[in-house]
1. So for each of 102-115, 127-140, 148-161 I average, over its residues, the number of other beta carbons within 10 Å; can you give me the resulting order with the highest mean first?
2. How far apart, in nm, are the 7 Å Cα→Cβ label points at Glu143 and Ala186?
3. Going by how many other beta carbons lie within 10 Å of each one, how would you line up Phe93, Phe166, Phe192, fewest first?
4. What residues qualify as long-range amide H neighbours of Thr92, i.e. H under 5 Å apart, gap of 5 or more or another chain, H built at 1.01 Å from N?
Amino acid sequence: MPPAPPAPPPRRSSRRKSRTRNGRVEVPELGIEIQVPSGRDVPRERIEAALHRALELGGPRAEDGARVPSAPGAPSPNPPNPGAAPVELSVTFLEDDPIRALNREWLEHDWVPDVLSFELGEGGILAGDIYVGLDQAARQAEEAGVPLEEELVRLALHGALHVLGFDHPEAAEDRAESPLYRRQEAILREVFP
């Protein structure tokens, strides 16, 4: 498990259950912690809304929590619900140097990533740590001509979808058609109507 950045500010945690109209629990409880050691503003409510929606839609998870691979574009071999176990996600927004250090230490890649995600669940709990590069997100938002707020939500959601078991091809030209990217962009259209 990657170390947390030094001395983060107090955590803000959101915890809620999604319910059907008759009050029956529909998806597992989701705990979200959002950390921004630099104190910069991030769109917390939209991030939480996107992550809750991702959980409602589920992901390609096996009952034991292992990822089950599927061909790009193929339907998942697993039901689209991660189960009734609680889900805990931590999303930390970091500047270039700290996220590059995590990438170098844990993945042995010496570059600044836009997002890193680490699946941590055990004992019936689905959990993950997501690290989003604030500076890299700003560069990507400018390059793509989208608001920074949207790019920050996109990257947090991207990491959460990896934790839920989605993956994508490495080749950039194949990524846009992958189930992960299609789900990510559909949720973003809901959060940014």
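A short reminder: the numbers here are calculations on the coordinates, not readings from a lab. Here the structure is a predicted model, which means the values were calculated and not measured. Cβ sites come from the backbone with ideal geometry, for glycine too, and all protein chains shown count toward neighbours.
1. Values: 102-115: 14.6, 127-140: 21.2, 148-161: 24.4.
In descending order of packing, they fall as 148-161, 127-140, 102-115.
2. 2.7 nm
3. Working: Phe93 26, Phe166 23, Phe192 16.
Taking fewest neighbouring Cβ atoms as first place, the list is Phe192, Phe166, Phe93.
4. Amide H neighbours of Thr92: Gln35, Ile130, Tyr131, Val132.
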